[in-house]
Protein chains: 2
Amino acid sequence: MTSPRPLRADAARNRARIMTAAHEQITEHGPEVSMEQIAAAAGVAVGTLYKHFPNKSDLVASVVAASFETLADDAEECLQRESQGSPAMAELTGFLSRVMDTVAHNRAVKAAAYALGADHAAHPAMQEVETRVTQALGRLIRTAQAQGGLRADFTVDDLYLMLYTLPADQPPTARARWLALLLTGLTAR
Amino acid sequence: MTSPRPLRADAARNRARIMTAAHEQITEHGPEVSMEQIAAAAGVAVGTLYKHFPNKSDLVASVVAASFETLADDAEECLQRESQGSPAMAELTGFLSRVMDTVAHNRAVKAAAYALGADHAAHPAMQEVETRVTQALGRLIRTAQAQGGLRADFTVDDLYLMLYTLPADQPPTARARWLALLLTGLTAR
DNA sequence: CCATAAAGTGAATGACGCTTCATGTTGTAG
DNA sequence: CTACAACATGAAGCGTCATTCACTTTATGG
């Protein structure tokens, strides 16, 4: 399942460098950075990128999927804290708030959050991560509803919709305001 | 102020054709359509576009500003109906709902709505239209608050924030859901 | 240490888009 | 009707970018 033959030492090293560089570049400049720029940042020739990834969109998808993991980890930590007594609603709003801030500074995570709300599985690598997020957040939502803090008809899809419409490129005050407006609508009457 | 010398007959005709074609193309494909494509749709050579507009972004801005007028007209009609007895809050939600539907089908209006929430005046042509929208919606908001349907701290900027985050490319059901969630947060407690 | 397959290289290719300009066309004033 | 300015034309210039491939370099098993 993993690899018929292990990678040669230099190949593995370069692959790691490429992933790191691509992650940095996409985080900073978004998915539209050129392959040349990623290659330069990795200290590698363009051709090498194509030795490891069939084309640009595959490389980008890999990076975005990796950034995606960050969201999944965060969601699962929320669930963890909840099971240790933290109010579920507080965890949910904390999650939203953090994602929003991250998205504002990280164009790769932005793409990931966007993907959640859109083409639910632009890339196979994302599907399993999506499951993790969905399960963690779903649990959190149900608990929050049981505890009475969250309106009863709220679903995970609603939350994805919110991630999709995050005003990431707005100034912090506007982002906070947006979240506040939304939250009044979400708290149980 | 208008023109030192009137346009030659053919020039005027072509200018109109270009505006129409550009509007159609941008509506359908968004601001990233090529100049070639707009020229072809107008039945004109590329060079002619540059006889009428210094560059692409000026042409796009003109079209977007024109689409912008649609929003302003709608807002002013809302105000009109309100002064004839229609509840201000209903007019506001109607406005939002219509804008969302329009944006979903019209990439030019999308750019306009987006511009409202971002660079408040990407182009001089937009500034005066923005004023119209702001005045009409501001009045509507204050009336809705006086009538008790809208939360007291809601501002025009909040509304722009909502326009900015409209989930335009989501399916109609998702769009409706989004609006519903938001509205519960906006109605006066 | 060598043979060889794996990996790396980067100039070249082709596609596409905006913009310019030398040239040809046409409306219109007189 | 003519002459000229206004206008239109579209091929060519210039960039940018993804992708390929003939060739060189290098890791590694034997």
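The values are calculated or read from the model by the stated rules, or taken from the named source; none is laboratory data. What you see is a predicted model, and the numbers here were worked out from it, not measured in a lab. Cβ sites come from the backbone with ideal geometry, for glycine too, and all protein chains shown count toward neighbours. Accessible surface areas use protein heavy atoms only, side chains included; no ligands, DNA or RNA. Shrake-Rupley method; radii C 1.70, N 1.55, O 1.52, S 1.80 Å.
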Residue pairs, from the table A:K110/B:K56; B:K51/B:K110; A:K56/B:K110; A:K51/B:K110, whose Cα atoms sit over 32 Å apart: A:K51/B:K110
Listed residues B:L71, B:L161, B:L137, most fluctuating in chain B (Gaussian network, C-alpha, under 10 Å): B:L161
Residue closest to axis [chain A; rotation mapping onto B; Cβ; Å]: A:G185, 1
Value at 222 nm in deg cm²/dmol, rounded to 500, when DSSP H runs of n ≥ 4 in the protein assembly as shown each add -39,500 (n - 2.57): -24500 deg cm²/dmol
Fluctuation leader among A:T70, A:T134, A:T165 - chain A, Gaussian network, Cα springs under 10 angstrom: A:T165
At least 30 Å² of accessible area lost relative to the chain alone, listed for region A:137-157 with a 1.4 Å probe: A:R151
Selected from B:A90, B:A104, B:A66 as most flexible by GNM, with chain B as the system and alpha-carbon contacts under 10 Å: B:A90
Relative contact order computed over chain A (Cα-Cα under 8 Å; 6+ residues apart), in percent: 21 percent
Amide proton proximity set for A:L150, modelled H, under 5 Å, gap of 5+: A:Q145, A:A188
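Charges at C-beta only: +1 for Lys and Arg, -1 for Asp and Glu. How large is the resulting dipole of region A:1-53 about its Cα centre, in Debye rounded to 20?
440 debye
Please give the total accessible area that chains B and A bury against each other, computed with a 1.4 Å probe and expressed in Å² to the nearest 100.
Working: alone 10270 and 10270 Å², together 18760 Å².
Chains B and A together bury approximately 1800 Å².
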Full-extension gain in nm, A:S57 to A:A152, via 0.36 nm per residue minus C-alpha separation: 30.3 nm
Accessible surface, region B:1-71, averaged per residue in Å² (probe 1.4 Å): 58 Å²
Positive-end residue, region A:35-128 charge dipole about Cα centroid, Cβ charges, pick of A:A112, A:I38, A:T102: A:I38
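I'd like the FRET efficiency for B:R81 and B:A125, computed as 1/(1 + (r/R0)^6) with the beta carbon distance as r and R0 of 22 Å, rounded to 0.05.
Details: r = 27 Å, r/R0 = 1.24.
Given R0 = 22 Å and the Cβ-Cβ separation, E is 0.20.
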Positive-end residue of B:M19, B:L181, B:C78, charge dipole of chain B with Cβ unit charges: B:M19
Net length gained if the chain between B:A45 and B:A176 were fully extended (0.36 nm per residue, minus Cα distance): 42.9 nm
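What does the C-alpha gyration tensor say about the overall shape of the protein assembly as shown? Classify as rounded when a/c is under 1.5, otherwise prolate if a/b is larger than b/c, or oblate.
Working: a/c = 2.71, a/b = 1.15, b/c = 2.36.
The shape class here is oblate.
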